[in-house]
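The values are calculated or read from the model by the stated rules, or taken from the named source; none is laboratory data. Small disclaimer: the values here were computed from a predicted structure and weren't measured. All Cβ positions, glycine included, derive from the backbone under ideal geometry; neighbour counts span all protein chains shown. Keep in mind that these areas ignore ligands, DNA and RNA; they rest on the heavy atoms of the full protein, side chains included. Shrake-Rupley method; radii C 1.70, N 1.55, O 1.52, S 1.80 Å.
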Amino acid sequence: MLINYVWRRRLFFLVSLLNSIFVLNAQDTEARINLLLAKMTVDEKIGQLNQLPGDLMTGSEVGKEDLLAQIRSGRVGSVLSHTNFEQKIILQRAAVSESRLGIPLLFGFDVIHGYKTVFPIPLAQAASWDMRAIEEVERIAAREASADGQHWTFSPMVDVSRDPRWGRVMEGAGEDPYLSGKIAEARVRGFQGDDLGQSSTIAACAKHFAGYGFSEAGRDYNTVDMSEQRLREVVLPPFKAAAKVGVATFMNAFNTLNGVPASMNKYLITDILRGEWTWSGLVVSDWNSFGETIVHGAAADDVDAASKCLSAGSDMDMAGGTFQRGLKKALEGKRISMQQLDEAVRRVLRLKYSLGLFDNPFLYLDGERRLKELSQPVYRETARSIAASSMVLLKNQGKILPIRPAAGLKKKIAIVGPMADSKTNKDYMSFWTLGLGMQYYDSTQVVTPAEGLKPVLENMGYEVLVRPVCTAGDCDEKSYAMMIETAREADIIIACVGERGLDCGESKSVASLDLPRNQEGLLRLLGRFGKPVVMVLFNSRPMTFEWASENIPAILVAWQPGFETGNALADVLTGRVNPSGKLPMTFPRKVGQVPIYYNHLRTGRPQASFGMPFTSGYLDVSATPAYPFGHGLSYTEFQYSDITITKPTLEKGESLAASISVTNIGDRIGSEVIQCYTQDLTAEVARPVKELKRFLKITLNPGETKKIQLKISQEDLSYWDNELRFRVDPGKFKLFIGGSSEAVKEADFEVKSIKK
Ligand code: NOJ
C-alpha cells in the first residue's frame, strides 16, 4: 500500500513536471509567434498565407510568378509541388537569409501513394483492410518525402464516395465512413508519427473538406447537395477521425455544398471543424478554390472572395493569388479584421514551429540523409506485400487458381492483353506519383505482370508466352488475330486488362464503367477456346464487366498496384500469398445503378427478386450489385459459428458484447477480414439496411479456430435525427458478422433505454 502511494506521488510529480515543461514550451512558442507577428507588416502577413506552385503545375492554369523574387520580398509562406532538391535549398535560403524577417518556407506536396517508392493506389490499400500495413506505407512515404525536403503532404484524401464514375475514388478508402475513418487515422499516424518535429515525419492534410465525393453525376468539381444527416453520418466521420488523431491541416474542397463553396463555408470550417470538433490547425484552400468562388458566382471579385474565405475560417491560399490581390483591400475596407488576419498567420507560423523549421530551416534539406533514405530496397518489400494483400479475388470457379506446377508435359501459359507488359502512361500507377516527376518516369522501376510472372511460372515448369496486344489504342483486327493464335497454342491464359495509369485521379471522370478500348471483345474471343482464362483487372475504380463475370472462370481485381505489380501478382496467382483483399466499394452490374452502395436506407418497396412489379428495381438489370462491399475470396475457406450475445437487452448506457468463432476449414493458411454490421430496425427515421461497426483481419492456419469478441457501445448505435440530435432509439436491432456485407451470421438484440 505504502509503496504504491509513494510511487503514485512520484508519478504524479513527474507528470506535473512534464506538463509544466510542455505548457512552458507551448507558451514559449506562442510568445515567439506574437513577437514575430508584432514585427510583420500587413503585406508580410498576407505573404505567409500565400502558397505558390514550384516546378510542377498540378492544377488548372494560374499565373506563374517569379518565385524567387516573391520569396525575397516576403510574399510567400509556402511552396507546393516542388521536386528539385537543390532548388529547394536555394528557395529556403532566399526565405531565411534574403527576406526581411527570415521566416522559413513550408514545402507542400501530394504524397498520395508513395513518394519515390510507389505503393498501390489508396483505394487498393483500403482493400487490404490492414491498418498496420497502411500506417507503415505512410511511414515510408514520410521518410522519403521528408528526406527530399517536403514538410507537408496533401494527404490523406478521406472523401467517402459512392460513385465510381468519379475519377478520384482511387485516392480515398471507398464508400464506408467507418472504414474510411479508421484508414484516415492510420494514414495520419503514419505521416505524422508522434512528433512532427522529427525530421522523418511530415504534416498531413485531411482533404477535401467537404462533400467532394458526392459531386453530381460523378463529374469532378460538380455541385454537391445533400441532407444534413448524410453530411454528418457519411461524409464527416473520416474527417472527424483525422481531426481527433491530430491531423495538422485540412484542405477545402472545390465543390459547393448546398450552394455554398466549401472554401467560404463558415458552417463547415468555423462551426463544425473549429467549433464542434475544437480542432485548431491550418486550413489550406484547394488549387485556386478561393478564386473559383467567383466562378461559382458566390463572390463578386478578389476582395469579396478573399474576405469571405478568410472570414469562413480558411487560412492559406493555394496557387490562386486571391489573398495577394484581395486581402489587403478587404482589411482596408473593414471586411475582415486585423485579428482575423493574425489568427490565420498564427496558424501558419505554428505549423512551421511544430515542424522545427524556425530552429533549423534546413532540417529536411540534408543531402546526405537524402542519399541514404530514398528508394531503399527494403521499402519495396512493403510495397510488394501490401500490393498482394490488397488484391481481391472476385471469382474462382472450379478453383482454377492458384496456378499449380505444370505436371509432366510442358504446358504453355500466355500472358496477354494491353496491361500485360506496359512501360508507358504510368500504367499500374496513377498521375499521383508526382515524386517521380509529372508524366515521365523511370519505367525500369516498375515490375510489369509479364516481368514478375514469367520467371516464376518458368520455374514451375511452364513455357510462358507474352502477348501485350492493343497497347497503343483500341483493340483492332491485328490484335484479335494474334489472340486467336495465342489462345489456340496456350493451355492457360492470363488476360491483363483494365485502365491506364494516367486515366485515373483528378479530372478523370467517366460516363461508362465498361472495360475501355474494346477490351471486352478481347475477352470474348479468348473465352471461345474453352481454355482456362484468368482475368486480371487493373483499375482505379469499380468497373462493370457483366459478360466476363458470367463467362470467365477466375477474376482478380489487382487495382493499380504500383512498382511491385508483377511480383505481387505472381505471389497471388501462384498461391505464395493467399488473397485476402475485400472490396471497399460496391461493384455495380451496370453504370446506371450508380450510386449503388451497401449501407443504403430501406425503401418502402424493397425488391426481393428481379422483375417483381411495383418494387424498387429496374426493368433491364437486377437491383443487386455485381460484387458487394466487403466481398473477396480466398484459396481457403472460413466457417463462422453462430453469434453469441452475452446480454441481448441493453439497459441505459450498456454496451453490446458479442462473440463468434471463425475456423479455417481449408487446407492452406489464410487471412480473413471479419466484418461486423448492425441494423436499427425501429428508429424514429429510416436507417440503413446495414452499417459497418467493427472489423478485424486475422490469419488462421488450416484447421485453426479463433474466437472473436467485440463490443459495440450505444454511441456506436446512435444517429443524427431530423433536429440534429445525436441519439439512439430504444427498440430492436440486428447484428451481422461475416466475411462480406452479404454473407453473414445474424443475431437480434434490443436497446431498452436511451443513454443520456
Ligand atoms: C488539386 C487537388 O484537388 C488536390 O487534392 C491537390 O492536393 C492539389 N491540386 C495540389 O496538387
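Observations on the model:
- Entry note, the chain: the mean residue ellipticity at 222 nm calculated from DSSP H runs of n ≥ 4, each adding -39500 (n - 2.57), is -9000 deg cm²/dmol after division by the residues and rounding to the nearest 500.
- Three semi-axes of the equivalent ellipsoid, segment 40-372, Cα gyration tensor, whole Å, largest first: 28, 26, 16
- Listed values for segment 320-325 are Karplus-derived 3J(HN,Hα) couplings in whole Hz (6.51 cos²θ - 1.76 cosθ + 1.60, θ = phi - 60°), namely x, x, 5, 5, 4, 7, and x replaces Gly and Pro.
- Database note for the chain: Cys without another Cys beta carbon under 4.7 angstrom, CYS205, CYS309, CYS496, CYS504, CYS676.
- Highest mean packing comes first when the peptides 576-585, 189-198, 471-480 are listed by Cβ atoms within 10 Å, giving 576-585, 189-198, 471-480.
- Short to long, the 5 Å bins of the Cα pair-distance histogram for segment 450-557 hold 2, 10, 22, 23, 21, 13, 6, 2, 1 percent of all pairs.
- Rounded to the nearest 20 debye, dipole of segment 648-706 from Cβ charges on Lys, Arg, Asp, Glu: 160
- 5 angstrom amide H check on LEU106, placed H, neighbours 5+ away: SER78, VAL79
- Given charges at Cβ of Lys, Arg, Asp, Glu: segment 381-593 dipole, positive-most of THR433, ALA407, THR448: ALA407
- Selection from SER580, TYR618, CYS676 lying farthest towards where the dipole of segment 565-683 points positive, charges on Cβ: TYR618
- Couplings 3J(HN,Hα) for segment 115-124, derived from phi with the Karplus relation 6.51 cos²θ - 1.76 cosθ + 1.60 (θ = phi - 60°), are 10, 9, 8, 9, 9, x, 4, x, 4, 5 Hz, where x marks Gly and Pro.
- Backbone amide hydrogens, once placed in the peptide plane, bring LEU650 within less than 5 Å of GLU750, VAL751, LYS752, excluding anything fewer than 5 places away on its chain.
- Between helix 177-192 and the chain: long-axis angle, C-alpha atoms, 0 to 90°, nearest 10: 60
- Accessible area per residue for segment 166-218, computed on protein heavy atoms with a 1.4 Å probe, is 20 Å².
- At R0 = 25 Å, FRET efficiency that the Cβ-Cβ distance of GLN198 and ASP271 yields, to 0.05: 0.15
- Part-to-part distance (alpha-carbon centres) for segment 578-608 and segment 367-395, which is given in Å: 31
- Once backbone amide H atoms are built at 1.01 Å from N, ALA206 has THR249, PHE250, MET251 as its partners under 5 Å, excluding neighbours fewer than 5 places away on the same chain.
- Relative to one another, the C-alpha centroids of segment 65-86 and segment 158-224 are positioned 27 Å apart.
- The chain, accessible surface, carbon-and-sulfur percent (1.4 angstrom probe): 52
- Toward the positive end of the charge dipole of the chain, with +1 on the Cβ of Lys and Arg and -1 on the Cβ of Asp and Glu, the farthest Cα among ASN255, GLY63, PRO377 is that of PRO377.
- With R₀ set to 51 Å, the beta-carbon distance separating ILE665 from GLU228 gives a calculated FRET efficiency near 0.65.
- Extension gain (nm, one decimal) between LEU724 and LEU101, 0.36 nm per residue minus Cα-Cα: 219.5 nm
- Estimated from the Cβ-Cβ distance and a Förster radius of 56 angstrom, the FRET efficiency linking GLU343 and LYS410 is about 0.15.
- Helix 302-312 axis versus longest C-alpha principal axis of the chain: approximately 80°, rounded to the nearest ten.
- Hz values of 3J(HN,Hα) by residue in segment 495-512 - Karplus curve (6.51, -1.76, 1.60), Gly and Pro given as x: 9, 9, 10, x, 9, 6, x, 7, 8, 10, x, 4, 6, 10, 6, 10, 9, 10
- Where the Cα pairs of segment 381-593 fall when distances are cut into 5 Å bins, in %: 1, 7, 16, 21, 22, 17, 10, 4, 1, 0, 0
- Cα principal axis extents for segment 638-751, largest first, Å: 53, 23, 16
- Spin-label model distance (nm) - ASP474 vs THR699, 7 Å beyond Cα toward Cβ: 4.8
- Enclosed volume per residue, in Å³, of the convex hull spanned by Cα atoms of segment 77-203: 108
- Sequence-separation-based contact order of the chain, relative, with Cα cut under 8 Å and 6+ spacing, percent: 12
- Principal-axis analysis of the Cα atoms of the chain puts helix 131-147 at an angle of about 50° to the longest axis.
- The calculated P(r) of the chain, using every Cα pair and 20 Å bins from 0, goes 16, 47, 31, 6, 0 in percent.
- The magnitude of the dipole of segment 381-593, with charges of +1 and -1 set on the Cβ of Lys/Arg and Asp/Glu and taken from the Cα centre, is near 560 debye.
- A simple charge model with +1 on the Cβ of Lys and Arg, -1 on the Cβ of Asp and Glu and nothing else charged puts the dipole of the chain at about 1380 debye relative to its Cα centre.
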